[in-house]
1. Residues 116, 123: which one is surrounded by fewer than 17 Cβ atoms within 10 Å (Cβ to Cβ) and either in the same structural domain as residue 77 (by TED's automatic domain parsing) or in contact with a helix residue (DSSP H, G or I) (Cβ under 9 Å, 6 or more places away or on another chain) (or both)?
2. Tally up the residues in the range 3-29 that are free of Cβ contacts under 8 Å to residues at least 24 places away in the same chain and not in a helix (DSSP H, G or I), please.
3. Among residues belonging to the range 163-180 that are out of contact with any helix residue (DSSP H, G or I) (no Cβ under 6 Å at 6 or more places or on another chain) and buried (at least 24 other Cβ atoms within 10 Å of the Cβ), point out the one that is farthest from residue 393 (Cα to Cα).
4. So which residues in the range 41-54 are more than 15 Å from residue 157 (Cα to Cα) and surrounded by fewer than 18 Cβ atoms within 10 Å (Cβ to Cβ)?
5. Go through the residues of the range 358-373 one by one and say whether even a single one is in contact with a strand residue (DSSP E or B) (Cβ under 9 Å, 6 or more places away or on another chain) and part of a helix (DSSP H, G or I).
6. Counting just the residues of the range 377-395 that are at pLDDT 95 or above and assigned to a helix (DSSP H, G or I), which one comes out farthest from the chain's Cα centre (by Cα)?
7. Could you list all residues from the range 290-315 that are touching a helix residue (DSSP H, G or I) at 6+ places or on another chain (Cβ under 8 Å), in contact (Cβ under 8 Å) with a residue 60 or more places away in the chain and within 13 Å of residue 349 (Cα to Cα)?
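The values are calculated or read from the model by the stated rules, or taken from the named source; none is laboratory data. Fair warning: this is a prediction, and the values are worked out from it, not measured in the lab. Please note: Cβ atoms are built from the backbone with ideal geometry, for glycine as well, and neighbour counts cover all protein chains shown.
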């Protein structure tokens, strides 16, 4: 999916003070900026960004623009700004400690720390000279496909103004491109069937919003946390988890009935009301049915209890186990094994579909998860396995070969690059209209 309307910088809620101070940058880039500023070097350069993966789905361009928007520039008084930033870090830590004491902490004790953080941030902002308006950026849109070594973005402007930002924007592009490309490949393998991203537990929580957006660009129809859906206006999707079943004594049917009761049938359902207190809409009830390692009988029990209220069942059998339905079939055959036995197998899904249809529940969908990647999904689809939805986790967020590289390729308009690299013109890059991107109010403030 190509998104030609860019996400605005405010969407990303970036840690502005830490970005400007170089706190999140590889130290050699922060020191490069310091050297250039102290030596009075204001050379204009062309920075060229590319990657090496074949047919990569590029994501991270909008986040890169947001990083340039808040981070390109310089402090008028560097010594003063460094002192203030150290105070900011210390005050921020104290504020977090105080926050942990809420609600028992008295406001009179919390207020001065919060005010100190605010005042330091305000003084740092008053010392900052932004330079984003002086940068000329040409870039692909999120969702466009890039070939190996094809330029993803050109940034032109005074290098000292954005030297410290390379770590951040290359990281955003690498992470987004990896998840989007992996998701594109999984979605293609699924042959039109929906793919839900279950990747939150495979990354640190700070990566959720970016990875969820990248998965959406790659073609996933849903994610598992609200933050993963934040940038594109979605909410988390999910099933009855093993933990809830365990709390209800291992009874999947009871846990699913409770899920339906308190999420769909109760007026004060947690997570089911909007901030205004109005209903958010019906949540499809999908039961996780492998707790007892007997997905057929468990699914039938849940279907008997819920009837048409049951949207689907999710099969997530461990790759170390052989489901009881498979074991029963083996006994009927006299112990003769055919095909793979462990985990979520094509035969297990077929037995489940047959049982649901035979008992009058053709409306119940089958969600398959656990160890699925593009290769496994492709095999299931080739065999015609009756899966309705695929849930995919680690395969979407892991993988190598998605590194992004940035090189200075021109200095003051003259070709100048490391051996083996050089400026590559590209008619595919789109000129970034800063005024349209940031809005009239921000544009006016920056010119005053």
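1. 123
2. Matching residues across the range 3-29 total 3.
3. 173
4. 52, 54, listed by residue number.
5. No; the residues of the range 358-373 include none that is in contact with a strand residue (DSSP E or B) (Cβ under 9 Å, 6 or more places away or on another chain) and part of a helix (DSSP H, G or I).
6. 383
7. The answer is 299, and nothing else.
Quick grid of which residues meet (1) within 30 Å of residue 296 (Cα to Cα); (2) assigned to a strand (DSSP E or B); (3) modelled with pLDDT of 95 or more:
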position: 163; (1), (2), (3): no, no, yes
position: 228; (1), (2), (3): no, no, no
position: 232; (1), (2), (3): no, no, no
position: 255; (1), (2), (3): yes, no, yes
position: 260; (1), (2), (3): yes, no, no
